[in-house]
Each structure stands twice: as C-alpha cells, then as structure tokens.
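First the structure, in the form of structure tokens, and then the observations on it.
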C-alpha cells in the first residue's frame, strides 16, 4: 500500500485551498486535487509499505508527537516548482521547519526501509495545481502570482494518509502533545530518551 505523512490545513486556509483547487480544475481542466486528497502540507512524500511497516511508522510518529509542541505556520502567497506544480507558500518559521526536519530525521534514522530524499523538509507547501504542462502553468501562474492569501495557523497534528482507489484518505491523526522533550541527539541519530 502507498502512504504519506502530512499536516492537514484547517479553518480558512483549508476552505481557501479547497475552493481554489476546485476553481482551477474547472477553469483549466487540470487534475482535480480537491477530489483526490484533503488540503495538506506534505511532510514525508509517498512511500510504499505493508501493514507491519505502517504500524512501525505510526509508533514512531506517536512517540515523536508526544514530546513535541505545536508550532506556528503562516500561509503567505504562492510559489512554484518549475512549471509542473503551483502551491500555496508556507512561511518558513524556524520552529516549524525545525520540527519537520526533526520528524523526518526520526523517521529516516529509526526506520531502515524508509526512503530518504536529499531536500526533505526544506520547502513546506500546499499544492494547488500539479502535473501541469507549460501552457497551463503560464495561464495559472499569471492569475495566482498577484494574489496574496495570508492565513495564520498551527502545525499541531501529523496525519498518515493512505491511498485507496486513487484517493488519499486519513488513516491516523496524531496530535502534538507538547510535553517535555524526550528525543535526544545521539551522534547523527535521534533516539527515544530512556527513563531511568
């Protein structure tokens, strides 16, 4: 099965994202993201594993979340990855980026089969148009680059999404609990602190 790890947008940011993806899909005849996936910020790109593997991922996420506090997020304007993807840009607060990087590091170092990517966590974003050709991109970018949506939110929950019949569905939602940090750096790896 295919899974990925994300933070779901909420409130006004979620409503804006859903409305925008719906309007773009209709106007430009592009992939209707709103029908295939909830509005989200990707933390760990899609990966494949079995039931035992996803249970291991969930265990690591729950342990990590137990010791991490929610962090501020600010959605501000739009960005792009080449001409293939346009996204709502997430302001890179030091706290949110640090949290995401610690989470990715915890997954990559504690789960040996987990795929690691060189730039993971460097660009937090919420895609609004994907799989574009150059003509679609030019038209969409001309429309969106002048808009400045601004939403303040909190990275307070991590979700595991599972792909079922071409649609991504929430499999688990894990709140950040904000208790004292139990993760320590050991060399280059994060390990759960052992209580004595």
task: Determine whether the range 145-153 contains at least one residue that is buried (at least 17 other Cβ atoms within 10 Å of the Cβ), modelled with pLDDT under 95, within 17 Å of residue 68 (Cα to Cα) and under 15 Å from the mean Cα position of the chain (by Cα).
output: yes
query: Out of the range 154-182, which residues are surrounded by fewer than 13 Cβ atoms within 10 Å (Cβ to Cβ) and part of a loop (DSSP other than H, G, I, E, B)?
result: 165, 166, 179, 180, 181
task: Answer yes if at least one residue in the range 23-32 is buried (at least 19 other Cβ atoms within 10 Å of the Cβ), assigned to a strand (DSSP E or B) and touching a helix residue (DSSP H, G or I) at 6+ places or on another chain (Cβ under 7 Å), and no otherwise.
output: no
Residue 52 being more than 14 Å from residue 129 (Cα to Cα), modelled with pLDDT of 95 or more and over 18 Å from the mean Cα position of the chain (by Cα): yes
query: If residue 13 satisfies every condition in (1) surrounded by fewer than 18 Cβ atoms within 10 Å (Cβ to Cβ); (2) assigned to a helix (DSSP H, G or I); (3) touching a residue at least 24 places away in the same chain (Cβ under 8 Å) but one, which is the exception?
result: (1)
- request: Among the residues of the range 117-141, write down those that are over 15 Å from the mean Cα position of the chain (by Cα), in a loop (DSSP other than H, G, I, E, B) and free of Cβ contacts under 8 Å to residues at least 12 places away in the same chain.
  value: 118
statement: Restricting attention to the range 73-131, the residues that are surrounded by fewer than 14 Cβ atoms within 10 Å (Cβ to Cβ), at pLDDT 90 or above and either within 16 Å of residue 9 (Cα to Cα) or touching a helix residue (DSSP H, G or I) at 6+ places or on another chain (Cβ under 7 Å) (or both) number exactly 1
- request: Return a yes/no flag: does the range 89-107 have any residue that is within 21 Å of residue 34 (Cα to Cα), within 14 Å of the chain's Cα centre (by Cα) and either without any contact (Cβ under 8 Å) to a residue 12 or more places away in the chain or not in a helix (DSSP H, G or I) (or both).
  value: yes
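The values are calculated or read from the model by the stated rules, or taken from the named source; none is laboratory data. These numbers were taken from a predicted model, which means no experiment stands behind them. Backbone-built Cβ (ideal geometry, glycine too); neighbour counts: all protein chains shown.
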